[in-house]
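These notes are about the structure you will find just below.
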Amino acid sequence: MKNNKEKEVTIVDIAKYLQLSNITVSRAFSNPQLVKQETRELIYETAAKLKYRPNAFARSLKTNSSKLIGVITDSTYNPVYAQVVKELCEKADKNGYTLMMFETAGSSINEERALDALFSYKVAGIVLSVVHDIKGYKPSYVQRARGYNIPLVLLDRDIDGYRLPGVFLNNYEIGVKCGNYLAQKEIKKLLIVGGPEESLITQERIKGILSILETKQVDYEIVYADYAYDKAKENLKTYFKTLPNPPSHFVGINGLISLAFIGMCRQYGIKDVDYFSIDEVPYAKDFGFDIPCVYSSPFEWGQKISELLFNLIENNNSSKFNERLYVLGKVIA
């Protein structure tokens, strides 16, 4: 009986097709820095054309892809991401998929390792909150994902210059909404605490805030910290140790930064500050804080990213489904 099952493409097939050595092709996937860029790109393009995928279970898997979905974030502590992952888990479970979670802790090395692991497991798709949302960040795994024909969907943070599918916030508009809220207040001194200074999210949110407040001649100061709670708290210690006069108003660029600032205010006995947060402050109401914020529904975020990912999986990663979706924020006071 004739076996109609397609032969699985290997590195050897790609090497023969391009008339390159097996070692060169292998290095393009395992150690891409050792292969010239133009050669790498040619290999990745050919891999996509031949529908090649790496496989950690080459002798045991019976299908061309696993029923696994990879999720990579810098912190599983982030409550917004946690809700998004919960929605994704429910969608995956209904469709017979299982999630594999990786935490990068802000390390690009950990990010590369996580992607390598997911590629080797032949995952059906990947949701990624990238380590660096900065200009000029060009991780090699983007081309490899394309070469393997594995859907790579971005969560929150963008990779500049690639126009990858994903679900994002309009950070400038969020900043404008924040600025409009603050413009109604009698502000003596405003402190804005952002994430890393080079972060595009931080830059756009602050730009939106200042587009409103600079017309009001508000006295403001900007301090840069980290998006993660523990790191933001450490960043803020220096500010509090040298603080001559507390601000009358505060804005945190995300919920965990706001939580870190509130904790430091309590530690230093500072009470007369009006808080505002972009994103809800996690568990604030449980401790008697009712903090106004720009709220973006993590439930909507999770639903949109689940739908986008499974559309790509079910349609063989077709570019027709490479959507860039946005969740709208609203002020809750």
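Quick note: the coordinates plus some simple rules give every number you see, no bench work behind them. Everything numeric in this text was worked out from a predicted model, so none of it was measured. Here Cβ is always computed from backbone atoms with ideal geometry, including for glycine, and neighbour counts include all displayed protein chains.
To the nearest 0.05, what FRET efficiency results for Lys49 and Lys138 with a Förster distance of 25 Å applied to their C-beta separation?
Calculated transfer efficiency: 0.65.
Obtain the nm distance between the two label points defined at Thr10 and Asp219 by a simple spin-label model: each point lies 7 Å from its Cα along the Cα-to-C-beta direction.
7.3 nm
On a straight-distance basis, which aspartates and glutamates could pair with Lys122 in a cross-link, Cα separation under 13 angstrom, same-chain partners fewer than 8 positions away excluded?
Glu8
At a Förster radius of 35 Å, what calculated FRET efficiency corresponds to the Cβ-Cβ distance of Lys36 and Glu323, to the nearest 0.05?
0.55
If a paramagnetic tag sat 7 Å from the Cα of Ile270 along the Cα-Cβ line, which residues of the stretch 199-242 would have the backbone N under 19 Å from that point?
Correct set: 218-242.
Treating only the Cβ of Lys, Arg, Asp and Glu as charged (+1, +1, -1, -1), what charge dipole size does the stretch 171-295 show about its Cα centre? Round to the nearest 20 debye.
Computed charge dipole of the stretch 171-295: roughly 300 debye.
Pairing the Cα long axis of helix 171-182 with the longest principal axis of the chain, what angle in degrees results, from 0 to 90 and rounded to the nearest 10?
Taking the Cα atoms of the chain, the angle to 171-182 is about 10 degrees.
For the chain, take the longest principal axis of its alpha carbons; what is the angle in degrees between that and the long axis of helix 255-267, to the nearest 10 within 0 to 90?
Approximately 40 degrees, to the nearest ten.
If you average the C-alpha positions of the stretch 267-329 and of the stretch 83-110 separately, how far apart do those two centres end up, in angstrom?
If we compute the Cα centre of each part, the gap is 16 Å.
Over the Cα atoms of the chain, what Rg and Dmax result, in angstrom?
Over the chain's Cα set, Rg and Dmax evaluate to 22.8, 84 Å.
Could you tell me the relative contact order of the stretch 171-295? Use alpha-carbon pairs under 8 Å, at least six residues apart, and round to a whole percent.
Over the stretch 171-295, the number comes to 26 percent.
Quick one: of Lys67/Lys233; Lys36/Lys304; Lys94/Lys177; Lys7/Lys36; Lys138/Lys330, which pairs are farther than 31 Å apart, Cα to Cα?
Going by Cα-Cα distance, Lys67/Lys233; Lys36/Lys304; Lys94/Lys177; Lys138/Lys330 fall outside the 31 Å limit.
I need the peptides 259-265, 78-84, 32-38 ranked by packing, meaning the mean over residues of other C-beta atoms within 10 angstrom, with the highest value on top.
Descending packing order for the listed peptides: 259-265, 78-84, 32-38.
Nearest 500 deg cm²/dmol is fine: what mean residue ellipticity at 222 nm does the chain get from its DSSP H runs of n ≥ 4 alone, each adding -39,500 (n - 2.57), divided by its residue count?
So the helix-based figure for the chain works out to -13000 deg cm²/dmol.
What are the semi-axes of the equivalent ellipsoid for the stretch 171-295, taken as the square roots of 5 times the Cα gyration tensor eigenvalues, largest first, in whole Å? Don't skip to the end; give the middle numbers.
Working: eigenvalues 77, 51, 45 Å².
Each semi-axis is the square root of five times an eigenvalue, giving 20, 16, 15 Å.
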